[in-house]
Amino acid sequence: MPIFPKHGARCHCGDVILERALPNWVESSRRYDRSVCKRKGEIGFSIPLSGLRIVQGAAWLTRYQLFNIRTAKHCFGKVCGIYTHHQHRFDPNVYA
Ligand SMILES: [Zn+2]
């Protein structure tokens with residue numbers, strides 16, 4: 001799949017559609033080491049909060065906040081349960 005400066009993403013059932021601004025391509029992709037991310041096999045990259053737009057289905061997102069300090073916010077489609085993105089624990093101005 002090609003990656004464009006405005007890159008779309010959707011959950012499995014298509015209720016939630018996101019658009020992510022990637023003006024500098026994908027920078028600093030990495031595999032996260034938190035337990036929930038390891039279990040998902042997540043490879044991610046960070047974008048500023050202003051670079052994420054929920055095009056459709058904000059009402060179809062649900063949030064899971066990690067059990068320890070409840071700062072990272074992981075978002076999932078309510079219908080299909082697919083992880084779409086999360087807000088960083090250490091920098092709430094960044095999404096992955
Ligand atoms: Zn879905």
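Each value in this text was obtained by applying a stated rule to the coordinates, not by laboratory testing. Every value quoted in this text rests on a predicted model; they were computed, and no experiment measured them. Here the Cβ is made from the backbone with ideal geometry for all residues, glycine too, and neighbour counts use every protein chain on show.
When the convex hull of its Cα atoms is viewed from all sides, the chain shows a mean projected area of 6.2 nm².
Which of 55, 16, 94 has the fewest other C-beta atoms within 10 Å, and how do the rest follow up to the most? Present the calculation step by step, with values, prior to reporting the outcome.
Values: 55 12, 16 26, 94 16.
Neighbour counts put them in this order, fewest first: 55, 94, 16.
So if we plug the beta-carbon distance of residue 24 and residue 78 into 1/(1 + (r/R0)^6) with R0 = 30 Å, what FRET efficiency do we get, rounded to 0.05? Please list the in-between numbers first.
On the way: r = 32 Å, r/R0 = 1.07.
Computed FRET efficiency for residue 24 and residue 78: 0.40.
Using Cβ point charges alone (K and R +1, D and E -1), the dipole size of segment 6-95 about the Cα centre works out to roughly 240 debye.
Between residue 49 and residue 13, the contour length at 0.36 nm per residue exceeds the Cα-Cα span by 10.5 nm.
Ordering 86, 74, 7 from the fewest to the most neighbouring beta carbons within 10 Å gives 7, 74, 86.
For the chain, 11, 37, 75 stand unpaired, since no other cysteine beta carbon lies under 4.7 Å from theirs. Provide the FRET efficiency to the nearest 0.05 for the residue 90-residue 58 pair, computing r from the beta carbons and using R0 = 25 Å. Given R0 = 25 Å and the Cβ-Cβ separation, E is 0.55. Look at 49, 18, 61 and count the other Cβ atoms within 10 Å of each Cβ; fewest to most, that gives 49, 61, 18.
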